[in-house]
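Q: Provided herewith is a single structure, encoded as structure tokens, for subsequent inquiry.
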Amino acid sequence: MPTELLLSRADGPPMYLQIVEQIRRLIAAGEWAAGHPLPSIRQLAVDLQVSVITVKRAYFELELE
């Protein structure tokens with residue numbers, strides 16, 4: 001599953017919320033299959049050049065839904 005997420009480091013929503021919203025959109029659009037495993041926390045953090053904590057928080061928010 002390619003990482004197609006783009007984060008804005010400028011003013012705006014926190015990066016973890018940007019990750020959540022973009023993953024939601026990709027799944028809703030059918031670009032990421034529902035039920036298919038997401039990239040690992042570490043791999044997504046490396047791909048997006050953010051901390052593991054940022055991705056972990058985004059995944060936690062998605063799990064709550």
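Q: In the chain, carbon and sulfur make up what percent of the accessible area (probe 1.4 Å)?
A: 57
Q: If I build a Gaussian network model for the chain, linking alpha-carbon pairs within less than 10 angstrom, which residue out of V46, V55, V20 has the largest mean-square fluctuation?
A: Answer for the Gaussian network model of the chain: V46.
Q: Leaving out ligands and nucleic acids, note down the accessible area per residue over the chain with a 1.4 angstrom probe, in whole Å².
A: 69
Q: A follow-up question, please. Let me know the Kirkwood hydrodynamic radius for the chain, please, with Cα pairs as the basis and the value in Å to one decimal.
A: Value: 12.0 Å, from the Cα pair sum.
Q: Keeping all protein chains in the complex and leaving out DNA, RNA and ligands, what accessible area do you get for R57 with a 1.4 Å probe, in Å² to the nearest 10?
A: Approximately 120 Å² of R57 is accessible to the 1.4 Å probe.
Q: Moving on. Specify the residue with the greatest mean-square fluctuation among I19, I41, I27, computed from a Gaussian network of the chain linking alpha-carbon atoms under 10 Å apart.
A: I27
The values are calculated or read from the model by the stated rules, or taken from the named source; none is laboratory data. If you're wondering where the values come from, they're calculated on a predicted model, not measured in any experiment. Surface accessibility is based on the protein's heavy atoms, side chains included, excluding ligands, DNA and RNA. Shrake-Rupley method; radii C 1.70, N 1.55, O 1.52, S 1.80 Å.
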